[in-house]
Amino acid sequence: MWIGVYVVDDHRLAGLDHVLQVACASNIFFDISNVNFTIVPGSADVLLSQTITPTLVTPNSLITYTLTITNASASSSSIITVTDNLPTTGFAPGNAFGTGWACTSPSSVVTCTLPALSADGVTTINITGTVTAATGTLTNTAWVTSTSDQVPGNNGPITLVTAITPGSAD
């Protein structure tokens, strides 16, 4: 005979009295409401991806790095920080912004902080700048952290290397 315990991971239930049911293989339910339980919140898992637009990068063109942050869990995430090492040559930083994010003024390193990201939430940061080199590549490396992330091994760094196509911007 097996016994299964139903676990509720819902921040809306914190502080309320609960009736926890235990089921066995014969589908008989036992009311164990007189037993004390500790509700442990679930763990968050933040992930990062990045893109560049336009994809054809030419000298003097305005480009945007878009960093997409996803909370791939059923628990909210707290204090999310994204750090982005912008290209150190061939690039002049512009602005860094995203809804709800507090970002440092772009220099060679941009840091953005968000107080929380809901369960299964997705948010973006845009970092703009101008290509100042005639040829070569732009290398952008970013990563994400969260005080509640229990899976830090998938937080980056994510590196995007983009070739500069000689010619003039349209």
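The values are calculated or read from the model by the stated rules, or taken from the named source; none is laboratory data. No experiment lies behind these values; they were computed from the predicted model shown. Note that each Cβ is placed from the backbone with ideal geometry, even for glycine, and that neighbours are counted across all protein chains shown. Heavy atoms of the whole protein, side chains included, go into the accessibility calculation; ligands, DNA and RNA do not. Shrake-Rupley method; radii C 1.70, N 1.55, O 1.52, S 1.80 Å.
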Quiz item: How much length is gained if the chain between T51 and V151 is pulled fully straight, taking 0.36 nm per residue apart and subtracting their Cα-Cα distance, in nm to one decimal?
Solution: 33.7 nm
Self-check item: Neighbour net charge for L48 - beta-carbon separation under 12 angstrom, K R +1, D E -1
Solution: -3
Exercise. Could you check how much of the accessible area of the range 54-96 is carbon and sulfur, as a whole percent, using a 1.4 Å probe?
Key: 54
Exercise. Sort L86, L160 by accessible area with a 1.4 Å probe, largest first.
Key: L160, L86
Practice problem: Report the extension gain between A163 and V109 in nm, rounded to one decimal, defined as 0.36 nm multiplied by the number of residues separating them, less their alpha carbon distance. | Solution: 17.4 nm
Self-check item: Solvent exposure, largest accessible area first (probe 1.4 Å, DNA, RNA and ligands not counted), of W101, W143
Solution: W143, W101
